[in-house]
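Only one structure is covered here, and it is reproduced in the block below.
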């Protein structure tokens, strides 16, 4: 399930968010993780950007590039992420057992200069009945998460309260928007779905479960075009790239492996 939806279970929680976090007067820009990233990191340049080079890592060690866990919910256990032997190079393996958390690194990429994202994954233990359109079944063995900065003035009161509640419950901050490419068992490829709790998280199904289990799948998407389609506006800079394997809604086990993630200029 999309990140805030893990704990935003009812409208009462959202309505009481201001009292809970005690930060009503905090400027919205100060609640966006993306604000700090665009201020601290220079934009990437060159013909391509290696957002994730798991293949350059060593089995049993942390991936190169300052990767960090991302809390989905304070009430859920965390998915395990580790480098394993992918024959011949290292890959990132994620194991979820009724758990939910992400794994990400901060970047600063202009999607107009590097609109094409390429990545690969393979699902080793699929999930039954996974569907991003249904909150009670919005789990997935494999997701690529791309986070964006944006104009905080475009956020409505509900979206601003989501930012405040998330920080209060996890101690972390959300970016302006998230675009997720996901695996699903019960939704066709091409489906675009929001989290149901915020329009600032949109999911695009890129693989439907079945015959592909255990096989590496290669993907190439135009992030610039996908963002425009999903959000109906122009994107600002990309500020983080991550992966997410979760099974807390279905209380099941799932496992997937991720290869390198690269952004390139359009050709």
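Quick rundown of the values:
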read-out	value
Residues (surrounded by 13 or more Cβ atoms within 10 Å (Cβ to Cβ) and over 11 Å from residue 92 (Cβ atoms)) located in segment 40-58	41, 43, 44, 48, 49, 50, 51, 56
Residues that are assigned to a strand (DSSP E or B) and over 11 Å from residue 103 (Cβ atoms), drawn from segment 247-260	253, 254, 255, 256, 257, 259, 260
Restricting segment 213-227 to residues that are in contact (Cβ under 8 Å) with a residue 60 or more places away in the chain and not in a strand (DSSP E or B), the residue that is nearest to residue 150 (Cα to Cα)	227
Pick from segment 188-212, criterion assigned to a loop (DSSP other than H, G, I, E, B) and closer than 16 Å to residue 123 by Cα, ranking: modelled with the highest pLDDT	189
Qualifying residue in segment 132-145 (condition: surrounded by fewer than 23 Cβ atoms within 10 Å (Cβ to Cβ) and within 11 Å of residue 32 (Cα to Cα))	no
Residues of segment 93-113 that turn out to be under 25 Å from residue 265 (Cβ atoms) and either buried (at least 23 other Cβ atoms within 10 Å of the Cβ) or under 19 Å from the mean Cα position of the chain (by Cα) (or both), as a count	8
Looking only at segment 54-92, and only at residues there that are assigned to a strand (DSSP E or B) and within 17 Å of the chain's Cα centre (by Cα), the one that is nearest to residue 41 (Cα to Cα)	68
Members of segment 93-141 that are over 24 Å from residue 55 (Cα atoms), at pLDDT 95 or above and assigned to a strand (DSSP E or B)	97
Counted residues, segment 147-166 - those being buried (at least 18 other Cβ atoms within 10 Å of the Cβ) and part of a loop (DSSP other than H, G, I, E, B)	3
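The values are calculated or read from the model by the stated rules, or taken from the named source; none is laboratory data. For clarity, every value in this text was computed on a predicted model and none was experimentally measured. Counting neighbours? That spans all protein chains shown, and the Cβs are built from the backbone with ideal geometry, glycine included.
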